[in-house]
Every structure is written in C-alpha cells, then in structure tokens.
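*Asks:* The following block contains the structure, expressed as structure tokens.
The values are calculated or read from the model by the stated rules, or taken from the named source; none is laboratory data. Remember, predicted model here, so these are calculated numbers, not experimental data. Methodologically, a virtual Cβ is constructed for each residue, glycine included, from the backbone with ideal geometry; neighbour enumeration extends over all protein chains shown.
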Amino acid sequence: MKKVMSLLLMSLIGLVGTFAFAGSDREDTVDRLQKSVDVLQSIMSTPDKGIPEEVLNGAKCMVIVPNLIKGGFIFGAKHGRGVATCRTPEGWSAPAFISVGGGSWGLQIGIEGVDLVMLVMNDRGLQHLLSSKFEMTGEGSVAAGPVGRHTSAGTDILLNTEVLTYSRSKGVFAGLTLEGAVVEQDNDSTRAIYGEHVMFRNILSGTVPTPASGEAFVAAVSEAGHQAHIAEAREDNK
C-alpha cells in the first residue's frame with residue numbers, strides 16, 4: 001500500500017511539474033510577444049533612424065527577436081527566440097515562433113543583448129523560412145539592411161537579398177550582419193501558445209487563426225505596414 005501511495009505521489013508531483021513548466025513557458029512566450037511589439041513600435045517612432053519605408057512595404061515576412069544574446073571569448077555566439085509573421089491575402093499571418101542560433105569565429109569579449117529584426121524580402125527567402133529551418137549563408141541570402149526614412153541602397157540589394165537584418169542596441173538601430181545563423185521553429189513556444197504542435201508553414205501561410213495572445217503583435221505589424229505605406233505615398237506625391 002505504501003508503495004502504491006508513493007507511486008501515486010510521484011506521479012502527481014511529476015504532473016504538477018509538467019503543468020508548472022508549461023505555464024512558465026507560456027508566460028515567457030506571451031512576454032516575448034509583448035517585447036516584440038515594443039521593438040516594432042520603437043522602430044516606427046524613429047523613422048529617420050529606423051527601417052526605410054520601402055523596405056517595410058516590400059517585406060514578405062517579418063521576424064523580431066527581442067534580446068538576442070551575442071558575445072563570448074574567442075568564439076562568438078548568437079542565440080535568441082523570437083516571433084515571425086508573413087503577408088497573406090487576408091493580411092498578416094498568426095505569429096509563428098522561432099529560435100536563432102549560430103556561431104562565428106573571431107575575437108569577441110563580453111556579452112551584449114540586442115533586439116534583432118529580420119525582413120524576408122523575396123519568394124526565395126520566404127520558401128527558406130517556411131522550411132522550418134535554414135542557415136543564413138551570406139551568399140545572397142542575408143545582408144545588413146539600410147537605415148533611414150528612405151533607402152539609398154540600390155534595387156539589387158532589395159530584390160536579390162533574401163533577408164535584411166537589423167539590430168537595436170541602446171535605442172539605436174543599425175544594419176546587422178548575421179551570417180552563419182540558423183533559424184528554425186521553436187516547438188516549445190508553439191505548443192505553449194497553440195496547445196499542440198502546429199506546422200510552421202501552416203501558421204505563416206495564414207491557415208491558422210491568430211490566438212488571443214498574438215493579436216496585439218499582429219495588429220502592431222499591420223499598423224507598422226500601414227504607417228510605412230502612407231508615408232511612402234506622401235513622399236511620392238511631393
């Protein structure tokens with residue numbers, strides 16, 4: 001009888017621990033959604049020093065990673081978890097959750113947390129993102145994005161580069177080189193928000209409804225695109 005009670009108690013403890021972990025993971029993911037909204041709103045509040053309107057209007061997908069950790073000693077490293085959304089015929093998709101990891105060679109001392117923004121600019125980049133896992137090689141796939149109200153970069157970088165990357169450190173936005181980083185689906189966060197594993201492609205293609213916890217993020221992305229579109233139209237009419 002004591003053995004049975006012990007087994008039941010251990011099972012109950014394990015079950016409580018599982019629920020506690022799931023709850024914690026959900027809280028972390030919801031917090032990441034809100035931090036991503038904050039990063040995006042910061043971009044739009046400083047248009048002269050942020051992402052050019054043409055770039056925002058042309059982006060097929062947006063990925064925001066609040067507090068990407070970079071740093072190390074001798075070996076550099078990058079790691080972070082973020083949120084992605086893509087344009088669909090009905091508007092921006094429900095949020096999909098990603099992780100970014102990868103290393104680089106070089107002398108680096110210290111640790112720095114930066115906010116990362118990645119904009120997928122063409123169909124090739126979109127297909128790589130939808131594959132659930134891809135590496136940014138730097139060979140036409142990723143480049144540091146131009147900064148400012150309008151871009152002085154040639155059309156080649158906007159049309160031929162799959163992903164433009166930006167960082168924000170201490171309130172300042174700049175292009176960020178992210179070669180060698182690997183982007184893949186964050187399965188734990190996906191389950192925490194959607195209650196089950198949902199395919200990355202299904203979320204970003206617009207077939208999955210936006211959960212209540214992701215509505216503010218999708219609304220912020222839609223508003224950013226709307227503001228950029230209006231600003232570009234005004235500039236064209238001058």
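*Asks:* Of the conditions (1) surrounded by fewer than 19 Cβ atoms within 10 Å (Cβ to Cβ); (2) modelled with pLDDT of 80 or more, L119 clears all except one; give me its number.
*Replies:* (1)
*Asks:* Another one. Report yes if A220 is modelled with pLDDT under 70 and either within 18 Å of Q41 (Cα to Cα) or crowded, with 17+ Cβ neighbours inside 10 Å (or both), otherwise no.
*Replies:* Criteria not met by A220.
*Asks:* Considering (1) at pLDDT below 75; (2) over 17 Å from V63 (Cα atoms); (3) in contact with a helix residue (DSSP H, G or I) (Cβ under 6 Å, 6 or more places away or on another chain), say which one G103 fails and leave the rest.
*Replies:* Looking at each condition in turn, G103 falls short on (3).
*Asks:* Here's another thing I want to ask about it. I'm trying to understand the selection: among the residues of the stretch 142-180, which are more than 15 Å from N57 (Cβ to Cβ), touching a Gly at 6+ places or on another chain (Cβ under 7 Å) and either modelled with pLDDT under 65 or of a type in the set (D, E, K, R) (or both)?
*Replies:* E162, F173, E179
*Asks:* What single numbered condition from (1) at pLDDT 80 or above; (2) of a type in the set (G, A, S); (3) assigned to a helix (DSSP H, G or I) fails to hold for G225?
*Replies:* Among (1) at pLDDT 80 or above; (2) of a type in the set (G, A, S); (3) assigned to a helix (DSSP H, G or I), G225 violates only (1).
*Asks:* If the requirement is being of a type outside the set (A, V, I, L, M), touching a helix residue (DSSP H, G or I) at 6+ places or on another chain (Cβ under 9 Å) and modelled with pLDDT of 70 or more, which of these qualifies: E54, E90?
*Replies:* Within the list E54, E90, the selection yields E54.
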